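Let me begin by presenting the structure, written as structure tokens, before commenting on it.
The values are calculated or read from the model by the stated rules, or taken from the named source; none is laboratory data. What you see is a predicted model; the values in this text were computed from it and never measured. Here Cβ is always computed from backbone atoms with ideal geometry, including for glycine, and neighbour counts include all displayed protein chains.
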Amino acid sequence: MNENPWTILGERAVYDNRWISLTEYDVLNPGGGKGIYGKVHFKGLALGVLPLDEDGYTWLVGQYRFTLSEYSWEIPEGGGDPGEEPLASAQRELREETGLVASEWTHLLDMHLSNSVTDEKAIVFLARGLEQREAMPEETEQLVVKRVHFEEAWRMVERGEITDSISVGAIQRVKLLLLEGKLAI
């Protein structure tokens, strides 16, 4: 089950920038047929943070997503630079987007976001012991930040109002931990 059934016959770099590269491979697929396979390589990690306060509230970040051509509500998230510790990147993203700093950090889950065409990996954290400071969004971010009860965030997932995969995964994971009694508000 762990052996690679694909044979790579050749490869060529199609595109490369600071954040991603695209490689096209000439392959023999698992059935023996010739074909091509494109892979988008992400040079950094995707990071998500679900902040949760002692009253059961979390913070969502709203922004227009260029790739989707639509508005999206999400947990605070962003990219981690290669060489930077994931937790340090997550702490930076939380502060930049919401102004929050947290004294307690818990690893929630790891995710592969679209493993049919990319190798992008996400690491998601739960942040507790929150203190409000000033947000410092990047110039490319036009954000709306709102504090909502966690149960409302979960209902937004259930209604299809939150569709971002990192956010859905984090919210569903925390909901499961709460139901199992492994996490308390």
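Residue pairs whose Cβ atoms lie under 8 Å apart, separated by 6 or more positions or on different chains, with the first residue in the range 117-132 and touching a residue at least 24 places away in the same chain (Cβ under 8 Å) and farther than 18 Å from Ala170 by Cβ and the second small (Gly, Ala, Ser) and assigned to a strand (DSSP E or B), are Val117/Gly38; Glu131/Ala102; Glu131/Ser103. Could you identify the single residue in Ala127, Ala135, Ala170, Ala153 that is touching a strand residue (DSSP E or B) at 6+ places or on another chain (Cβ under 9 Å), modelled with pLDDT under 95 and surrounded by 16 or more Cβ atoms within 10 Å (Cβ to Cβ)? Being touching a strand residue (DSSP E or B) at 6+ places or on another chain (Cβ under 9 Å), modelled with pLDDT under 95 and surrounded by 16 or more Cβ atoms within 10 Å (Cβ to Cβ) holds for just one of Ala127, Ala135, Ala170, Ala153, which is Ala135.
The residues of the range 66-104 that are among the basic types (Lys, Arg) and touching a residue at least 40 places away in the same chain (Cβ under 8 Å) amount to a single one, Arg95. The residue that is farthest from Glu151 (Cα to Cα), among those in the range 69-85 that are at pLDDT 95 or above, of a type outside the set (Phe, Trp, Tyr) and crowded, with 19+ Cβ neighbours inside 10 Å, is Glu77.
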